[in-house]
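The values are calculated or read from the model by the stated rules, or taken from the named source; none is laboratory data. Values in this document were obtained by computation on a predicted structure and should not be read as measured data. Because the Cβ atoms are built from the backbone with ideal geometry, glycine has one as well, and the counts that use them run over all protein chains shown. Surface accessibility is based on the protein's heavy atoms, side chains included, excluding ligands, DNA and RNA. Shrake-Rupley method; radii C 1.70, N 1.55, O 1.52, S 1.80 Å.
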Amino acid sequence: MNKVLISVLGSDQPGIMAKVATVIKQHNGNIENLSQTLLDNAFGALLLVSLAEDDSAEKLQQSLQEQSQGMNLYIRVHPWQAEASDWYSNKRETQPYIVTAIGPDRQGLVAEIAGELFKHGVNITNIQAIFKGGKNPMDNLMVFEVDVPRATVMNDLRDALDAIAARLNLEISVQHRKIFESVSNILN
Amino acid sequence: MLTPKEIISTLQMVREENLDLRTVTVGINLTDCVSDDIETFKRKIYDKITRTAGQLVVTCKQIERRYGIEVANKRISVSPIGVVGAPFNADQMVEIALTLDKAAIELGVDFVGGFSALVEKGMSRGDQALIQAIPQALTESQRVCSSVNVASTRAGLNMDAIKRMGVIIKQAAEMTADDDGLAAAKLVVFANIPQDVPFMAGAYLGIGEADAVVSVGVSGPGVVKAALHRAMAEEENLDLSRAADVIKQTAARLTRAGELVGREVAEILGLPFGIVDLSLAPTPNENDSVGEIFETIGLPAIGAPGSTAFLAMLNDAVKKGGAFASSHVGGLSGAFIPVCEDLTIARSAAEGTLRLEKLEAMTAVCSVGLDMIALPGDTSAEMLSAVIADEMAIGVINKKTTAARLIPAPGKKAGDHVVFGGLLGEGPVMAVNLGDQENRFVRLGGRIPAPIQSLVN
């Protein structure tokens, strides 16, 4: 299978997806999966596309760049092998937790917490920051959605995160994802 | 992926709004422990309780950490001792209470309930012995709670039992005079007692229940207050329909949290899960008060005209939200208005905004009843019984649970201050109309017949 992974970055504006998808269609490619996100005005999208046999990542990249001129987009098309990483193909049994850090933004915050999570074998599945500033603690929040392997000793992980919290003057909590789901999803 | 809103609202409930699981209560059936030998009976109940709930406290701690929610109390409820201890006399009943106490201390649980009798229609020998033992049992034990069901919609009011309870409450208070009558704060008189309440002092395990069962009592008046407060600040045209909706949705969320924890504790202990009792049960702390919700909605204070109407709406919205969120909602499930356990209610009572008569009216539309009310020490036993009878009649006629937890504080008069400590809180001594007089109506005894169930007007 001739697959490519496309990243599209730029300042948000109407028509980005329309343009990208139209070019893919012209190439007889098919979008198998995609996701887009916004950080303030920064747009980012990731598309997994299967191409026609005679097409290539280079050709598609050229077309995309030509046709999106004037939109100031950074587009990259990478050939994509379906081969997963060792870790991915040997995934161990995990439990989903939510790690939240409440407190003011500061340099190195994500590196500290993500580094500690990595040390304990924890994989981050999603990460979001809500930094609005001000005094309301809920306006200065970092959320890590993580998968914790069974082998990880929760108390050790908590102790390590508590140490970071004390050092950076944060409040860090580690709660099983189920509590958020059961409280939020009343209709399911 | 969870949305920031979902994460923030859950965090807020736990961090700032005092969402806690007031109690995880393990109900333990003691009918298979029966014996006519007191030592055998004591040994059997001690063994069964400590065996069945041996892991309760550690399990709750484990779950607390996993979800980041505090389990404030761990409790045990047992089959009514008046039934399973029927062969024993009052002195032996005290020994049983102390055995329950010892088991509770051994397990590290906060309370054990079920030193109870069900006497709405008549008193058996065991019931009489148990009731006679209550004052001493509650004085000598630390963690035992007692309840006596004296009325029901199907049986009417057992006025002989109500008359007796006035005397018992007075004795219990007098035996603990140094603590403002603390023993009476661990004793509650019921109409239509539910079989599965996890809250104290009324928790016992009904005869129709399983051998052992885990139930959860969720509280969270602070969460409801905060949700209402937010909605009122954000929505310009918020009316009472919308306010009811906010309360209902909040109640549903609270119930979900409770059920999650309850089911998990039950699974780890290998016991069936019973019910979630979602009740707005205050503690004597800021932001954990039912009275504050009244002020948030715009009443000058709890007790002001409008309080009964709002309480009716609040209680109903809590029930609706709970019933929607879980198929097994039980116990009391509603709003409690215990005077001494709630800072704002205690303040209104001290300032005279809230009087006993208004409280009584409010209990017609809320869960439970006249709860944690300190009365003058010279209130006569007959007048205590009369206050109870009034409260029971409200429950019997309205087909709902009502209860009376009255503490005639020895040596105290209306307006004085009493302190019970811990969750039981503190508050003012409230005046009883003609409280020190006799009451010949009560002295007549007998039974007030069960009410007709048709001709509903």
Could you work out the pair-distance distribution P(r) of the stretch B:1-447 from its alpha-carbon pairs, with 20 angstrom bin width and percents rounded to whole numbers? 28, 59, 13, 0
Calculate the FRET efficiency for B:GLU357 and B:SER124 from the Cβ-Cβ distance with a Förster distance of 60 Å, rounded to the nearest 0.05. 0.95
Taking the Cα atoms of the stretch A:3-79, report the difference between the largest and smallest coordinate on each principal axis, in whole Å and largest first. 38, 24, 18
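Full-extension gain between A:LEU39 and A:ILE186, please, as 0.36 nm times their residue separation minus the C-alpha to C-alpha distance. Intermediate results must be reported in sequence, preceding the final value.
On the way: separation 147, 0.36 × 147 = 52.92 nm, distance 2.88 nm.
Extending this stretch completely gives an extra 50.0 nm.
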Would you mind getting the Kirkwood hydrodynamic radius of the protein assembly as shown from its Cα pairs, rounded to one decimal in Å? 27.5 Å
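Taking a ≥ b ≥ c as the square roots of the eigenvalues of the Cα gyration tensor of the stretch B:282-330, is the shape rounded (a/c under 1.5), prolate (a/b larger than b/c) or oblate? Please list the in-between numbers first.
Details: a/c = 3.08, a/b = 1.60, b/c = 1.92.
Taking the square roots of the gyration eigenvalues as a ≥ b ≥ c, the stretch B:282-330 is oblate.
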Cα gyration tensor of the stretch B:42-91, axes a ≥ b ≥ c as square roots of the eigenvalues: rounded (a/c below 1.5), prolate (a/b > b/c) or oblate? prolate
Students often forget the sequence filter, so: which lysines lie under 28 Å Cα-Cα from B:LYS413 once same-chain residues fewer than 8 apart are removed? B:LYS163, B:LYS170, B:LYS186, B:LYS358
From Cα coordinates alone, what are the radius of gyration and Dmax values for the stretch B:328-372 in angstrom? 11.3, 40
Mean projected area, convex hull of alpha-carbon positions in the stretch A:48-188, reported to one decimal in nm², is 13.6 nm²
The farthest towards the positive end of the charge dipole of the stretch B:1-447, of the residues B:SER141, B:PHE310, B:ALA53, given +1 on Cβ of Lys and Arg and -1 on Cβ of Asp and Glu, is B:ALA53
Just going by the charge dipole of chain B, with Lys and Arg at +1 and Asp and Glu at -1 on Cβ, which of B:MET123, B:LEU343, B:VAL94 is farthest out on the positive end? B:MET123
In units of 2.2 N^0.38 Å, the Cα radius of gyration of the stretch B:1-138 is 1.33
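Ratio of Rg to Rh for the stretch B:97-177, alpha carbon only, Kirkwood? Mind showing how you got there, number by number?
Values: Rg = 13.5 Å, Rh = 13.3 Å.
That ratio is 1.01, to two decimals.
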Between A:GLN107 and A:TRP87, what FRET efficiency comes out of the Förster formula 1/(1 + (r/R0)^6) with R0 = 25 Å and r the beta carbon distance, rounded to 0.05? 0.30
Per residue, in Å², the accessible surface of the stretch A:89-184 once ligands and nucleic acids are set aside, probe 1.4 Å: 49 Å²
Where in the stretch B:251-266 does the label zone of B:PHE324 land, with the point 7 angstrom along Cα→C-beta and an amide N cut-off under 13 Å? B:251-256
A:ASP162: net charge of surrounding residues, Cβ under 14 Å, Lys/Arg +1, Asp/Glu -1, itself excluded? -2
19 Å Cα-Cα reach of A:LYS135 towards aspartates and glutamates, excluding residues that sit fewer than 8 places from it in its own chain: A:ASP105, A:GLU171, B:GLU16, B:GLU17, B:GLU234
For B:VAL188, enumerate residues with amide H under 5 Å from its amide H, sequence gap 5+ or separate chain, H modeled in the peptide plane. B:SER146, B:SER147, B:VAL148
Run the reach check for B:LYS319 against lysines, Cα to Cα strictly under 18 Å, same-chain hits fewer than 8 apart removed. What comes back? B:LYS225, B:LYS248, B:LYS399, B:LYS400
Using the Cβ atoms and a cut-off under 11 Å, what net charge is assigned to the surroundings of A:GLU93, where Lys and Arg are +1 and Asp and Glu are -1? +2
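Taking a probe of 1.4 Å and counting only protein heavy atoms, give the total accessible area buried between chains B and A in Å², rounded to the nearest 100.
Chain pair B/A: roughly 2600 Å² of buried accessible area.
Using a Förster distance of 41 Å, how high is the FRET efficiency between B:GLU234 and B:ILE397, based on the Cβ-Cβ distance and rounded to 0.05? Walk me through the numbers before you get to the answer.
Numbers: r = 41 Å, r/R0 = 1.00.
Using R0 = 41 Å, I get an efficiency of 0.50.
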Please compute the net charge surrounding A:ILE24, taking Lys and Arg as +1 and Asp and Glu as -1 over other residues with Cβ under 13 Å from its Cβ. +2
Most positive-pole-ward Cα, B:ASN287, B:ILE247, B:LEU269, against dipole of the stretch B:244-301 from beta carbon charges: B:LEU269
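Using a 10 Å cut-off on Cβ to Cβ distances, tally the other chain neighbours for every residue of B:254-264 and report the average as a whole number.
On the way: counts 1, 3, 7, 5, 1, 1, 6, 3, 0, 1, 2.
Partner Cβ neighbours, averaged per residue: 3.
Please report, in debye to the nearest 20, how large the charge dipole of the stretch A:33-89 is about its Cα centre when each Lys and Arg carries +1 at its beta carbon and each Asp and Glu carries -1 there. Walk me through the numbers on the way to the answer.
Values: 2 positive and 8 negative charges, 45 e Å.
So the magnitude is around 220 debye.
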Rough spin-label spacing in nm, given labels placed 7 Å along Cα→Cβ, for A:ASP162 and B:GLU438: 6.4 nm
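Treating only the Cβ of Lys, Arg, Asp and Glu as charged (+1, +1, -1, -1), what charge dipole size does the stretch B:1-447 show about its Cα centre? Round to the nearest 20 debye. Before the final figure, lay out each step's value.
On the way: 42 positive and 55 negative charges, 173 e Å.
Computed charge dipole of the stretch B:1-447: roughly 840 debye.
With +1 assigned to the C-beta of every Lys and Arg and -1 to the C-beta of every Asp and Glu, and no other charges, what is the dipole magnitude of the stretch B:62-142 about the Cα centre in debye, to the nearest 20?
Values: 7 positive and 10 negative charges, 56 e Å.
Approximately 260 debye in magnitude.
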What translational diffusion coefficient, in µm²/s and rounded to a whole number, does the Stokes-Einstein relation yield for the stretch B:339-457 at 10 °C and a viscosity of 1.306 mPa s, taking the hydrodynamic radius as the Kirkwood radius over Cα pairs? 106 µm²/s
